[in-house]
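Undergrad: One structure, pasted below without further comment.
The values are calculated or read from the model by the stated rules, or taken from the named source; none is laboratory data. Owing to the predicted nature of the structure, the values given are computational and were not obtained by experimental measurement. Please note: Cβ atoms are built from the backbone with ideal geometry, for glycine as well, and neighbour counts cover all protein chains shown.
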Amino acid sequence: MAGKLHVHFNDRDFRHVQLARTADPIWEAILGLHVAYTPAPLLPARLRPFHRRARHRLRHHDLRRTCRLLNGIAPADAAYFPDFLTPVESEDGITAGLRTLRATPATRLAREIRLAARHRPLPPWTRRLAAGDRTVLGDLADALQHVHNRLIAPDWSEIEATVAADRTRQLEALEAGMPAVLATLDPFTWTDPVLSAPYPVDSTLHLHGRGIRLIPSYFCHTTPVAIADHGLPPVVVHPVRRHPAPDGTGRATPHRDTALAALLGTSRARILAALTPTSAPATTGGLAARLGMPASSVSGHLTVLRRAGLAESERTGPHVVHRLTARGRHLLDG
């Protein structure tokens, strides 16, 4: 990695650190789009199932066209993309965030487009955006909504469950103070009073008592992303931390296996445990072969798990693929 991000804290900053309650829908739309267009071998194993599903969804021409628009201004390899695309108001939901985006002042559009143009050539239509064209700005907001609805929302339960588990661990660490929370962040290193991480360029952020908003992201997987304009409220998006099960293998412990079997029945507990994000795409036939069970039995158990809100199914081409819901993941993690 070419550079390093250094975030400098003072005593006042610790009183103003905000830990995001949930995933940010606009950040996840942009970063999820980056994952969709990144070659699978370059992704961590946990994101490859989403990558497969996203590539299937991108077969639709209207979604590909929308993604081309966003990739023109915020591609995966960008050292910088305009901060106005990720307004802080999106913490209250995508509708609130996009409302703010549509109202971005023309002076800010011009300033941030000029900055982006210093890093790489931009598509011709961005000149209209820099001139304050509200139609182009509206097209960008519509594109983010479309990407969220079509590419990200089908996996939102898994995103929320993963972020919720990470937040729980942060709150547990908070009992030892905010520095203990900062020490848990990946891929950061905490050396009082500086939080540092690999970054595409060298960047130093002095908080000056303003504190910082820390947003865990399911799709952020290489380096954190910081708001570039140091005049804006400080925000850093960082990879969500994935923890293995207590036995360190990523599998349920024998005690948990027994408890789940008592709750669900042995067969359903085995099927639920097989629906992990890092597993191969879970079709009914694939689960049956992997678990040594009749396909008809697997299908029946999956119906029960879906009705209980623990699993969900989605048709992908000729196959129906099954995966955990947020409720199912919490049950396994608990």
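Undergrad: Restricting attention to the range 104-137, which residues are aliphatic (A, V, I, L, M) and either exposed (fewer than 13 other Cβ atoms within 10 Å of the Cβ) or not in a loop (DSSP other than H, G, I, E, B) (or both)?
TA: ALA106, LEU109, ALA110, ILE113, LEU115, ALA116, ALA117, LEU129, ALA130, ALA131, VAL136, LEU137 - these are the residues of the range 104-137 that are aliphatic (A, V, I, L, M) and either exposed (fewer than 13 other Cβ atoms within 10 Å of the Cβ) or not in a loop (DSSP other than H, G, I, E, B) (or both).
Undergrad: Search the range 38-47 for residues being surrounded by fewer than 16 Cβ atoms within 10 Å (Cβ to Cβ) and at pLDDT 90 or above, and hand back the single one that is nearest to GLU158 (Cα to Cα).
TA: PRO44
Undergrad: Residue by residue through the range 18-51, note down the ones that are farther than 23 Å from LEU98 by Cα, part of a helix (DSSP H, G or I) and out of contact with any strand residue (DSSP E or B) (no Cβ under 8 Å at 6 or more places or on another chain).
TA: Correct list: ALA40, PRO41, LEU42, ALA45, ARG46, LEU47, ARG48, PHE50, HIS51.
Undergrad: Also, quick follow-up: Based on what the data block shows, is LEU195 at pLDDT 90 or above, surrounded by 15 or more Cβ atoms within 10 Å (Cβ to Cβ) and not in a helix (DSSP H, G or I)?
TA: Against the criterion (at pLDDT 90 or above, surrounded by 15 or more Cβ atoms within 10 Å (Cβ to Cβ) and not in a helix (DSSP H, G or I)), LEU195 qualifies.
Undergrad: Is it the case that VAL181 is in a helix (DSSP H, G or I), hydrophobic (A, V, I, L, M, F, W, C) and modelled with pLDDT of 95 or more?
TA: The answer is no for VAL181.
Undergrad: Across the range 73-98, which residue is surrounded by the fewest Cβ atoms within 10 Å (Cβ to Cβ) among those that are in a helix (DSSP H, G or I) and either out of contact with any helix residue (DSSP H, G or I) (no Cβ under 7 Å at 6 or more places or on another chain) or on the phi > 0 side of the Ramachandran plot (or both)?
TA: The residue in question is THR95.
Undergrad: Identify, from the list ARG99, ARG59, ARG52, the residue that is basic (Lys, Arg), within 28 Å of GLU158 (Cα to Cα) and either touching a residue at least 60 places away in the same chain (Cβ under 8 Å) or in contact with a Cys (Cβ under 6 Å, 6 or more places away or on another chain) (or both).
TA: ARG52
Undergrad: Next question, about the same structure. Hey, does the range 138-155 have a residue that's farther than 22 Å from VAL35 by Cα, surrounded by 18 or more Cβ atoms within 10 Å (Cβ to Cβ) and touching a helix residue (DSSP H, G or I) at 6+ places or on another chain (Cβ under 6 Å)?
TA: no
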